[in-house]
1. I'd like to check something: does the stretch 30-46 contain any residue that is over 10 Å from the mean Cα position of the chain (by Cα) and over 17 Å from LEU77 (Cα atoms)?
2. Mind telling me which of the residues LEU58, LEU32, LEU4 ends up being open to solvent by less than 20 Å² (accessible area, probe 1.4 Å) and touching a helix residue (DSSP H, G or I) at 6+ places or on another chain (Cβ under 7 Å)?
3. Being touching a Ser or Thr at 6+ places or on another chain (Cβ under 8 Å), farther than 18 Å from ARG65 by Cα and outside any loop (DSSP other than H, G, I, E, B) is the filter here; which residues of the stretch 1-34 pass it?
4. At pLDDT 95 or above, loosely packed, with under 11 Cβ neighbours inside 10 Å and of a type outside the set (Phe, Trp, Tyr): which single residue out of ASP14, ASP40, ASP69, ASP27 fits that description?
Amino acid sequence: MKKLLETIVKPLVDHPDEVVVTETENDTTVVLELRVAHSDMGKVIGRQGRIAKAIRTLVKGAAKRVGNDKKVVVDILD
């Protein structure tokens, strides 16, 4: 899931080298923490959070397709 999130986000931002994804997993949840350059934050979130919502939907859908029964959470951090 980490690689998928990087693949989705890097083309959206001006500073793709500053995209960092950290994956934390426990028994029921996979948490993906996304960090981007401060100037790219608006590009990742989008108007009214539409891009962030679309990114979350894609990652969750891919997780279900792979057969991952865990809840997937994408956190966008400053």
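The values are calculated or read from the model by the stated rules, or taken from the named source; none is laboratory data. Bear in mind that the values here come from a model prediction, so they are computed numbers and not experimental data. A quick note on method: Cβ atoms are made from the backbone with ideal geometry, for glycine too, and the neighbour counts reach across all protein chains shown. These accessible areas exclude ligands, DNA and RNA; they are computed on the full protein's heavy atoms, side chains included. Shrake-Rupley method; radii C 1.70, N 1.55, O 1.52, S 1.80 Å.
1. no
2. Criteria check complete, one pass: LEU32.
3. GLU33
4. ASP14
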